[in-house]
Amino acid sequence: MLTVDSRVVQLGSYTVKQGQSSVSGLSSGAFMTVQLHLAYSSSFAGAGIIAGGPFRCAESFRAAALLAEDAYVQGALYICMNPLIPQTGPDAGRLAQLARDTAAAGEIDDVAHLADDHVYLFTGSADQVVYSDVVARTRRFYELLGVKPEHIFYDDSVPAGHSIITDNPEDSQLAANQPPYGNRYITTTGYNHIADSNNFIVVYPQAQGSDGGGTQNPDGCWDWWGYTSPTPNRPDYYSRDAIQVKAIHGMLERLGG
């Protein structure tokens, strides 16, 4: 019998506008944002991507290693985060076609749902974790999938590191390439202020880190390279049925969105 921790509070149900939700995230959360946006595009009106790459980017070069798990980790590091040269960065055209093929296979929603969405992309020009060129290719990825150029806001004008820019002076104490982990993400990034001002509901899901057994994810990153996939040679971390994608969308459904 499944037992639930007594400290867990079940999400309530609210009267919200169907299909008018948005999803956003930083770093691994930005990669997950793209995955969730593509997997359930019929549920969203837009996405906010801060330092994130295109859909299924980690699978760009399967021949990088003998084992699929190793190839996708290397792809994540050296194609989707820190490409050694621009030519080895994500191929927006190939990944846009892969997204169309994934939709045709029924694993994600029809990409036609993206046409009227709004997409915000930010990259600090001093980001040494996820290079700005990668985020620029995410912009191109969305353009190739039919998102109107006027609906895409792309900002690479700030010499910031791997971070969310805030107006909280305490955040200046963080290292140039350190995101506001934990409670700071909730309390200082401005999400709550915008939510209160506009009658929005904000959900802050989190991935739990693990540094043992079969899962190596010590930093608690969202899965955008396949560590939760049951079959490494056939990863599903990006699909509607992926455990993390499905869980987050389930929260949205529970709230009524």
Open item on the list: I'd like to know if the range 163-183 contains one or more residues that are modelled with pLDDT of 90 or more, within 17 Å of the chain's Cα centre (by Cα) and of a type in the set (Ser, Thr, Tyr).
Closed with: no
Task: Residue ID - farthest from Arg140 (Cα to Cα), chosen from residues in the range 50-68 that are free of Cβ contacts under 8 Å to residues at least 40 places away in the same chain, of a type in the set (A, V, I, L, M) and in contact with a helix residue (DSSP H, G or I) (Cβ under 8 Å, 6 or more places away or on another chain) - done: Ala65
Open item on the list: Among (1) of a type outside the set (Phe, Trp, Tyr); (2) in a loop (DSSP other than H, G, I, E, B); (3) modelled with pLDDT of 95 or more, there is one condition Pro235 misses while meeting the rest; what is its number?
Closed with: (3)
TODO: Tally the residues that are farther than 22 Å from Ile85 by Cα and either crowded, with 18+ Cβ neighbours inside 10 Å or among the aliphatic types (A, V, I, L, M) (or both), restricting the search to the range 122-153.
DONE: 5
Open item on the list: Show the residue pairs meeting these rules: Cβ distance below 8 Å; 6+ apart or different chains; first residue within the range 33-49 and in a helix (DSSP H, G or I); second residue among the basic types (Lys, Arg) and surrounded by fewer than 21 Cβ atoms within 10 Å (Cβ to Cβ).
Closed with: Ala39/Arg240
TODO: Give just the number: which of (1) closer than 15 Å to Gly226 by Cα; (2) part of a helix (DSSP H, G or I) does Cys80 not satisfy?
DONE: (2)
- [ ] Kindly provide the set of residues from the range 69-106 that are closer than 13 Å to Pro235 by Cβ, touching a residue at least 24 places away in the same chain (Cβ under 8 Å) and in contact with a Lys or Arg (Cβ under 7 Å, 6 or more places away or on another chain), ordered by number.
- [x] Leu98
Task: Search result, residues across the range 128-139 that are more than 15 Å from Pro159 (Cβ to Cβ), in contact (Cβ under 8 Å) with a residue 60 or more places away in the chain and either in contact with a helix residue (DSSP H, G or I) (Cβ under 6 Å, 6 or more places away or on another chain) or in a helix (DSSP H, G or I) (or both) - done: Val134, Arg137, Thr138
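The values are calculated or read from the model by the stated rules, or taken from the named source; none is laboratory data. Everything quoted here is computed from the prediction, not taken from an experiment. Neighbour counts are summed over all protein chains in view; Cβ atoms, including those assigned to glycine, are modelled from backbone coordinates with ideal geometry.
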